[in-house]
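Below: the structure, in structure tokens.
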Amino acid sequence: MQSQRDIRILRELAKRYAEVCQKETYAERRALWRKHNSLIKTRPLIYVRWLAAWHEAPESHLECEDPFFRRHEEFLRQMLFQDTLEDDYVLEPWITQPASYVLPPEGIWGVPFGRTPTTRPGGSWKYDPPLKRLEDIEKLVAPHHVIDEEATRRNVERLQEAVGDILTVNVERAPVYRVWNGDLSTCLAYLRGLEQVMWDMVDHPQWLHRLLAFLRDGVLTTHAEAERAGDWHLADHENQAMPYAEELPDPRPNSESVPRRRLWAFAAAQELTLVSPAMHDEFMLRYQIPILEQFGLVAYGCCEDLTHKIDLLRRLRNLRRIAVTPRADVWQCAAQIGRDYVISWRPNPAEMICCGFDPEHIRRVVRDAMEACKGLHVDITLKDVETVQHQPERLREWVRIVRAVSDDY
């Protein structure tokens with residue numbers, strides 16, 4: 001029996017969220033993102049990705065007891081907080097329940113991703129990769145797109161009964177092997193170890209090519225199987241921003257099934273930031289391209305420095321957005337990108353908001369980047385915010401400061 005207390009809590013949050021989603025502001029932001037991502041000049045748009053520091057916000061206290069409802073409670077509380085930041089994020093008037101998937105029991109590639117954790121709260125962890133020997137590649141399991149329909153139905157019905165009369169319950173059925181599970185680079189490091197991958201590029205290049213081909217083919221298989229099953233929908237866009245563009249249909253919950261060419265895709269190669277452009281091409285991009293070219297538009301890059309790899313990325317015929325990260329040279333990147341793509345500029349969160357808060361420094365850094373990108377298609381993403389030093393009001397003030405500077409451009 002479902003907890004009536006949990007349901008009351010969730011329903012109250014759902015009502016508040018549904019009301020907030022109807023703000024005219026969100027329609028205006030959708031129109032801006034649609035133009036911006038279609039290379040039509042707009043003001044610089046601002047997006048704050050701050051969830052790593054969510055635990056420092058008073059609003060993060062959860063009241064539901066059932067883990068199923070707590071997950072959805074957390075989403076609603078996070079989005080209600082996001083609404084107060086006044087950035088250009090778009091709240092969508094639905095709540096999503098992911099499907100339940102049938103996966104290899106030892107991990108998505110048939111082997112467990114090992115990690116040695118730290119004893120410090122918020123600390124890092126160390127890789128314990130499963131492919132320690134070259135022959136361990138034989139342990140990998142080729143993936144398939146299989147949904148546990150009965151488990152999915154039960155979960156959807158639970159959420160539908162709780163809040164379905166308030167919010168549309170969107171069922172996410174897209175394959176598991178996308179974004180971090182599908183960009184190849186992330187899983188490559190988990191499977192082999194970050195440093196060892198770099199040694200393999202020199203010591204065992206043919207073996208590494210075999211591994212990358214296996215991962216590429218596995219992702220392509222699951223994507224094609226999902227498409228044949230009708231499991232890609234318009235709420236499955238991924239671009240690390242707001243996925244609106246004139247060339248593609250808008251996000252919509254429980255839409256008709258769509259081919260991948262009507263969706264955004266996102267990929268990155270953070271783990272290869274220290275390798276040369278030639279090695280990035282040989283050991284990553286040429287394997288990513290067959291996956292990404294199936295989609296309508298592509299956003300590339302997360303935290304890696306792409307300053308010297310932008311020419312490589314031009315081989316992606318459907319590329320639309322390029323990340324310019326804290327370690328990248330924004331002036332060099334802007335000169336190379338020009339007006340051909342959207343620049344997703346990402347200032348260093350440590351100097352912006354995580355380690356002290358200096359409004360004048362923020363203005364100087366943002367103004368310099370806006371000068372570099374003057375006349376170009378640029379948005380500003382504050383991401384990887386690991387802490388706000390228990391001062392969440394910094395997020396709102398940061399948006400206000402950046403808006404005042406960037407609106408001049």
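Just a few scattered comments:
- Exclusive hit being more than 27 Å from residue 279 (Cα to Cα), touching a helix residue (DSSP H, G or I) at 6+ places or on another chain (Cβ under 9 Å) and among the aliphatic types (A, V, I, L, M), set 382, 313, 306, 319: 382
- Verdict on residue 317 being surrounded by fewer than 16 Cβ atoms within 10 Å (Cβ to Cβ) and over 23 Å from residue 244 (Cβ atoms): no
- Exclusive hit being under 21 Å from residue 269 (Cβ atoms) and of a type in the set (Ser, Thr, Tyr), set 168, 119, 186: 186
- The residue list 335, 372, 323 contains one member that is in contact (Cβ under 8 Å) with a residue 60 or more places away in the chain, of a type in the set (Gly, Ala, Ser) and either surrounded by fewer than 20 Cβ atoms within 10 Å (Cβ to Cβ) or closer than 22 Å to residue 35 by Cβ (or both), which is 323.
- Matching option when the condition is touching a residue at least 24 places away in the same chain (Cβ under 8 Å) and under 26 Å from residue 381 (Cα atoms), among 172, 74: 172
- Count - residues of segment 240-264 that are more than 19 Å from residue 90 (Cβ to Cβ) and of a type in the set (A, V, I, L, M): 1
- Filter result for residue 12 (at pLDDT 95 or above and of a type outside the set (Phe, Trp, Tyr)): yes
- Here the condition is being surrounded by fewer than 23 Cβ atoms within 10 Å (Cβ to Cβ), closer than 30 Å to residue 44 by Cβ and free of Cβ contacts under 8 Å to residues at least 24 places away in the same chain; of 228, 252, 261, it holds for 252 alone.
- Scanning segment 1-25 for residues that are buried (at least 19 other Cβ atoms within 10 Å of the Cβ) and either farther than 30 Å from residue 64 by Cβ or under 27 Å from the mean Cα position of the chain (by Cα) (or both) yields a total of 4.
- Residues of segment 177-194 that are assigned to a helix (DSSP H, G or I) and modelled with pLDDT of 95 or more: 179, 180, 181, 185, 186, 187, 188, 189, 190, 191, 192.
- Filtered residue count, segment 273-297, keeping only those that are assigned to a loop (DSSP other than H, G, I, E, B) and either within 30 Å of residue 225 (Cβ to Cβ) or of a type in the set (Ser, Thr, Tyr) (or both): 6
Let's see how each residue does on (1) within 19 Å of residue 44 (Cα to Cα); (2) in contact with a Lys or Arg (Cβ under 7 Å, 6 or more places away or on another chain):
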position	(1), (2)
308	no, no
317	no, no
324	yes, yes
339	yes, no
351	no, no
362	yes, no
366	yes, no
404	yes, no
407	yes, yes
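- The residue of segment 195-239 that is farthest from residue 299 (Cα to Cα), among those that are among the small types (Gly, Ala, Ser) and assigned to a loop (DSSP other than H, G, I, E, B), is 230.
- Scope segment 181-207; condition farther than 16 Å from residue 274 by Cβ, touching a Phe, Trp or Tyr at 6+ places or on another chain (Cβ under 7 Å) and either surrounded by fewer than 16 Cβ atoms within 10 Å (Cβ to Cβ) or of a type in the set (A, V, I, L, M, F, W, C) (or both); matching residues: 184, 187, 191
The values are calculated or read from the model by the stated rules, or taken from the named source; none is laboratory data. These figures come from a predicted structure and were not determined experimentally. Cβ sites come from the backbone with ideal geometry, for glycine too, and all protein chains shown count toward neighbours.
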